[in-house]
Amino acid sequence: MNATLPRPRTTIINEAEINALLSVARRSDSGRVREVLAKARQMEGLDAEEVAVLMEIQDATLLEEMFAAARFVKDEIYGNRLVLFAPLYIANLCKNECSYCAFRAGNTELKRRTLTQDEIAAEVKILIDQGHKRLLLVSGEEYPKEGFNYVLRAIDTIYKTKSGRGEIRRVNVNIAPLTVDQFKQLKEAGIGTYQLFQETYHRETYAKIHTAGAKKNFDWRVTVMDRAMEAGIDDVGIGVLFGLYDWKFEMLALQQHIRHLEEKYGVGPHTISVPRIEPAGGSTLADRPPYAVSDADFKKIVAILRLAVPYTGIIMSTRENADTRRATFQLGVSQISAGSRCNPGGYAELGDGHDAEQFQLGDHRSLDEVVRDVASLGYTPSFCTACYRLGRTGADFMDLAKPGLIKEHCSPNALSSCMEYMMGYASPETRKTGEKLVDRELATMPGKIGETANELVSRVRKNERDVFV
């Protein structure tokens with residue numbers, strides 16, 4: 001890969017258009033807001049002007065109406081399930097200089113570490129024994145001497161690692177931008193979603209905070225999903241690191257990026273992540289974000305994304321504390337990490353190695369504790385990986401998600417994978433809470449969906465594993 005080659009300035013992000021929309025949206029009245037919310041409930045998405053209108057809501061009554069609309073859309077498309085995963089950091093080497101990140105090349109406080117394949121397998125075994133079925137492989141943007149092949153070998157190691165009846169069924173990947181040929185290799189390795197954040201879509205800010213390495217090239221990064229799509233990876237995940245620039249600008253830039261993908265490839269992002277800056281070793285910027293996002297605005301971000309891009313999975317990481325995570329579940333979040341470590345070898349070291357972390361975590365609970373909490377709130381903890389393995393990706397997934405038909409698959413699969421966790425990995429207290437939830441859901445799930453769910457859960461209770469539709 002030669003990420004430093006000159007690349008034409010992309011027109012994906014139009015800053016003048018964004019600024020014009022922000023100016024007009026400030027003059028919207030309650031009638032216009034309710035028009036937008038009525039459209040949002042049709043689950044066909046929103047355009048940039050409509051997103052701008054919702055971002056300006058201040059009235060408490062209108063705000064609750066927006067939150068209610070987000071709850072409706074999330075339930076109609078995905079039901080009450082929450083997919084769980086864990087990040088797996090394999091290396092924290094990096095040649096970039098990003099002022100908000102502990103992995104930055106000039107950070108002499110960071111303990112550098114690259115896991116061997118045996119160490120990767122040991123980390124994976126720990127995660128399997130906790131009950132995880134899907135991982136997000138993460139690495140700093142530099143690899144050992146073997147280069148990109150190190151990532152490919154790591155993916156192979158993850159899939160080959162077994163423990164008892166457990167295994168990782170899907171590996172998603174968050175690594176540096178690649179060439180089309182490298183993306184083809186990544187697809188052949190059997191990944192699920194390729195994920196990468198632009199960090200900020202504001203060019204001037206981007207240039208100020210990325211001062212060395214290939215990541216300096218805004219256009220190489222913002223066009224990364226184009227190369228992934230061209231290589232045949234049709235499930236991609238985008239996101240912003242909120243706090244680097246005005247969140248309202250970033251939201252409209254996200255909409256432009258999404259529309260670009262939809263118009264050019266017929267498929268928008270499979271996931272959108274909403275991380276806020278957290279303190280990071282060796283970074284004064286991360287300790288004092290220049291555009292800190294309040295909890296109130298953060299909830300607005302989640303709700304607006306759910307209304308604007310109803311088909312997408314919204315990911316909430318363990319950067320946020322437990323209370324913040326709970327508050328966003330009902331506003332549109334559909335995927336969460338749990339029991340996370342953000343340093344290479346963090347799972348085996350059980351709390352040691354903080355001097356190798358990318359940032360500080362906000363939620364330190366174990367997977368079991370998170371599962372119990374999620375179930376007690378009435379959500380189904382899901383470990384399902386069926387869509388990837390049955391080829392329901394890209395346009396095929398969107399054809400089911402956009403009209404709300406994906407729930408016919410998600411709901412039964414969520415319950416069967418939840419029961420598999422309860423029987424194989426849960427503590428007694430968590431199993432009791434989880435089985436109550438499963439029984440309640442089975443009793444109220446209507447028609448054919450209910451029949452399918454009951455049949456799948458019955459098979460799991462008879463000691464069958466990995467059953468799905």
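The values are calculated or read from the model by the stated rules, or taken from the named source; none is laboratory data. In this text, all values refer to a predicted model and were calculated from it rather than measured experimentally. Positions of Cβ are backbone-derived with ideal geometry, glycine not excepted, and every protein chain shown enters the neighbour counts.
Quick check: anything in region 170-185 among the aliphatic types (A, V, I, L, M), more than 19 Å from PHE218 (Cα to Cα), out of contact with any Gly (no Cβ under 8 Å at 6 or more places or on another chain) and outside any strand (DSSP E or B)? For region 170-185, residues among the aliphatic types (A, V, I, L, M), more than 19 Å from PHE218 (Cα to Cα), out of contact with any Gly (no Cβ under 8 Å at 6 or more places or on another chain) and outside any strand (DSSP E or B): absent.
Of all the residues in region 79-96, those that are under 24 Å from the mean Cα position of the chain (by Cα) and over 29 Å from ARG306 (Cα atoms) number 6.
Scan region 287-304 and give yes if some residue there is touching a strand residue (DSSP E or B) at 6+ places or on another chain (Cβ under 8 Å), among the β-branched types (Val, Ile, Thr) and farther than 27 Å from ASP373 by Cα, otherwise no. For region 287-304, residues touching a strand residue (DSSP E or B) at 6+ places or on another chain (Cβ under 8 Å), among the β-branched types (Val, Ile, Thr) and farther than 27 Å from ASP373 by Cα: absent. Could you look through region 362-391, keep only residues that are polar (S, T, N, Q) and within 15 Å of ILE336 (Cα to Cα), and pick out the one that is modelled with the lowest pLDDT? If we take residues in region 362-391 being polar (S, T, N, Q) and within 15 Å of ILE336 (Cα to Cα), then THR385 is modelled with the lowest pLDDT.
State yes or no: is LYS299 touching an Asp or Glu at 6+ places or on another chain (Cβ under 9 Å) and either surrounded by fewer than 23 Cβ atoms within 10 Å (Cβ to Cβ) or free of Cβ contacts under 8 Å to residues at least 12 places away in the same chain (or both)? So LYS299 fails the test. The residues listed here are LYS39, LYS74; of these, the one that is free of Cβ contacts under 8 Å to residues at least 12 places away in the same chain and touching a Leu at 6+ places or on another chain (Cβ under 8 Å) is LYS39.
Contact map, region 259-277: first residue free of Cβ contacts under 8 Å to residues at least 24 places away in the same chain and assigned to a helix (DSSP H, G or I), second residue buried (at least 19 other Cβ atoms within 10 Å of the Cβ) and not β-branched (Val, Ile, Thr), Cβ cut-off under 7 Å, separation 6 or more or different chains; pairs are GLU262/GLY268. Scanning region 306-331 for residues that are assigned to a helix (DSSP H, G or I) and hydrophobic (A, V, I, L, M, F, W, C) returns LEU307, ALA308, ALA322, ALA327, PHE329. Among the residues making up region 392-414, those that are of a type in the set (D, E, K, R), part of a helix (DSSP H, G or I) and either touching a Leu at 6+ places or on another chain (Cβ under 7 Å) or at pLDDT below 75 (or both) are ASP396, ASP399, LYS407. Test VAL469 against the stated conditions and say whether it is at pLDDT 95 or above and not hydroxyl-bearing (Ser, Thr, Tyr). When the stated conditions are applied, VAL469 does not pass them.
If I filter region 429-439 for residues that are not charged (D, E, K, R) and not in a helix (DSSP H, G or I), do I get at least one hit? Within region 429-439 (the criterion being not charged (D, E, K, R) and not in a helix (DSSP H, G or I)), the answer is no, since none of the residues qualifies.
Quick check on SER273: is it in the same structural domain as PRO87 (by TED's automatic domain parsing) and closer than 22 Å to ARG227 by Cα? Answer is yes for this residue. Per the listing GLU64, GLU44, the residue uniquely at pLDDT below 95 and either closer than 29 Å to TYR379 by Cα or assigned by TED's automatic domain parsing to the domain that holds PRO381 (or both) is GLU44.
One residue is enough: does region 310-318 have a residue meeting the conditions aromatic (Phe, Trp, Tyr), in contact (Cβ under 8 Å) with a residue 12 or more places away in the chain and not assigned by TED's automatic domain parsing to the domain that holds GLY266? Looking for residues that are aromatic (Phe, Trp, Tyr), in contact (Cβ under 8 Å) with a residue 12 or more places away in the chain and not assigned by TED's automatic domain parsing to the domain that holds GLY266, one finds none in region 310-318, hence no. Of all residues in region 18-40, those being surrounded by fewer than 15 Cβ atoms within 10 Å (Cβ to Cβ) and part of a loop (DSSP other than H, G, I, E, B) number 3.
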